[in-house]
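One structure below.
The values are calculated or read from the model by the stated rules, or taken from the named source; none is laboratory data. In this text the structure is predicted, and so the values were computed from the model without any measurement. Positions of Cβ are backbone-derived with ideal geometry, glycine not excepted, and every protein chain shown enters the neighbour counts. The accessibility values were calculated without ligands, DNA or RNA, using every heavy atom of the protein model including side chains. Shrake-Rupley method; radii C 1.70, N 1.55, O 1.52, S 1.80 Å.
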Amino acid sequence: MFLFLHPVLEKVCTETKEVIYKSMNTLSYKTISVNKENADKKWMVIDAEGLILGRLASTVAQVLRGKHKPSFTPHSDCGDNVIVINAEKVALTGNKMETKYYVRHTGFPGGQRHRPIKEQLKRKPIAVVEHAVKGMLPKTILGAELFRNLYVYAGPNHKHEAQQPMELTLNTIK
């Protein structure tokens, strides 16, 4: 029979009615910090056909970061590897297909260039998804390391069948 008198001390009564105080084992309550070596990294594949770009990017960034795991550690790469297929068939809400522009600069005076997202989807559909996901990752060395775990393909085929990726939908990760 156990009687708890104090959070650190417990009172043990035996059949001989002698009272023994002993301290609790507080070493068993350590917080485990996951690092790159002991992170349980998995491979996930997500089909972007018909999905909204921002919602897809936020889910992918969450999985890359590892926030869906109970062992999430903010300062280490504990997320999963993500494969995005059918990037050319991603959807946008509202009037963004005509009004959203990607802006870059050549480095020369007057060298600002604008490209509409409709044209960017025709030229480089991979870059659209990568740009959206990269904007949702940390702007640090860790963010660059997490971005290397993302693989985007324009079509339905990918070259990572050997890793046996799990199918991921937007509603399975909360």
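So Gly110 clears everything in (1) over 19 Å from the mean Cα position of the chain (by Cα); (2) at negative phi except one condition, right? Which one?
(2)
Quick one: which strands (runs of 3 or more DSSP E) sit completely within the range 60-142 and have at least 1 residues that are open to solvent by 80 Å² or more (accessible area, probe 1.4 Å) and touching a strand residue (DSSP E or B) at 6+ places or on another chain (Cβ under 8 Å)?
The qualifying strands (runs of 3 or more DSSP E) are 101-105, 112-116.
Output the number of residues of the range 147-174 satisfying the condition of being part of a strand (DSSP E or B) and surrounded by 13 or more Cβ atoms within 10 Å (Cβ to Cβ).
Initially, the range 147-174 is screened for residues part of a strand (DSSP E or B), giving 150-152, 166-167.
Next, from what is left, pick out any that are surrounded by 13 or more Cβ atoms within 10 Å (Cβ to Cβ): 150-152.
Residues that pass the stated criteria total 3.
Consider the range 101-116. How many of its residues are closer than 16 Å to Ala132 by Cβ and not aliphatic (A, V, I, L, M)?
Pass one, the range 101-116, residues closer than 16 Å to Ala132 by Cβ: 101-104, 115-116.
Checking the rest, the ones that are also not aliphatic (A, V, I, L, M) come to 101-102, 104, 115-116.
Selection size over the range 101-116: 5.
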